[in-house]
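Student: Have a look at this one before I ask anything.
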Amino acid sequence: MRTTLTLDPDVAAKARKGAARLGRPFKEVVNAALRIGLDQVLKPPSARPYITKPRPLGLRRGFSYDDIGELLARAEGEDYQ
């Protein structure tokens with residue numbers, strides 16, 4: 001595909017030097033660089049892992065696990081069902 005692309009002077013100089021050093025055409029060097037660069041640019045950023053700090057919850061004073069019905073009634077009211 002033929003298209004017009006304006007390169008910044010430093011990018012063009014670097015591509016020309018690279019093409020000369022590798023002995024490859026300028027077009028090949030630019031296409032190879034774009035393939036590599038576009039893969040990096042379009043790759044989604046790696047997400048940082050979400051870390052939570054565990055805390056002991058326990059029950060507040062006056063509550064007990066002995067009678068779950070009573071616990072639910074106190075926490076949610078008598079219409080907990």
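Values quoted throughout were computed directly from the atomic coordinates according to the rules given, and no laboratory measurement underlies them. Worth saying up front: this structure is predicted, and the values here are computed from it rather than measured. Counting neighbours? That spans all protein chains shown, and the Cβs are built from the backbone with ideal geometry, glycine included.
Student: Does anything in segment 35-59 have its amide N under 18 Å from the 7 Å Cα→Cβ label point of ALA75, and if so which residues?
Tutor: It comes to 55-59, nothing else.
Student: From the backbone phi of segment 27-42, what are the Karplus-calculated ³J(HN,Hα) couplings (6.51 cos²θ - 1.76 cosθ + 1.60, θ = phi - 60°) in whole Hz, Gly and Pro given as x?
Tutor: With the stated coefficients, segment 27-42 comes to 4, 5, 5, 5, 4, 5, 5, 5, 4, 5, x, 5, 4, 6, 5, 8 Hz.
Student: Under a Cβ-only charge scheme (Lys and Arg +1, Asp and Glu -1), can you give me the dipole magnitude of the chain about the Cα centre, in debye to the nearest 20?
Tutor: Charge dipole, the chain, about its Cα centre: 1280 debye, nearest 20.
Student: When only alpha-carbon atoms count, how far does the chain stretch along each of its three principal axes, as whole angstroms with the largest first?
Tutor: Computed over the Cα atoms, the extents are 83, 26, 19 Å.
Student: Please list, by residue number, every one of the chymotrypsin sites (Phe, Trp or Tyr not before Pro) in segment 3-81 that is coil in DSSP and has at most 10 other beta-carbon atoms within 10 Å.
Tutor: Values: sites: PHE26, TYR50, PHE63, TYR65, TYR80; in loops: TYR50, PHE63, TYR65, TYR80.
Within segment 3-81, the qualifying chymotrypsin sites (Phe, Trp or Tyr not before Pro) (loop, at most 10 other Cβ atoms within 10 Å) are TYR50, TYR65.
Student: Restricting to DSSP H runs of at least four residues, report the calculated mean residue ellipticity at 222 nm for the chain, -39500 (n - 2.57) per run over all residues, nearest 500 deg cm²/dmol.
Tutor: Dividing the helical sum by the residues of the chain leaves -15500 deg cm²/dmol.
Student: Got a sec? Charge dipole of the chain, +1 on Cβ for Lys and Arg, -1 for Asp and Glu; which of LEU71, THR6, PRO44 is way out at the positive end?
Tutor: Among LEU71, THR6, PRO44, the one farthest towards the positive end of the dipole of the chain is THR6.
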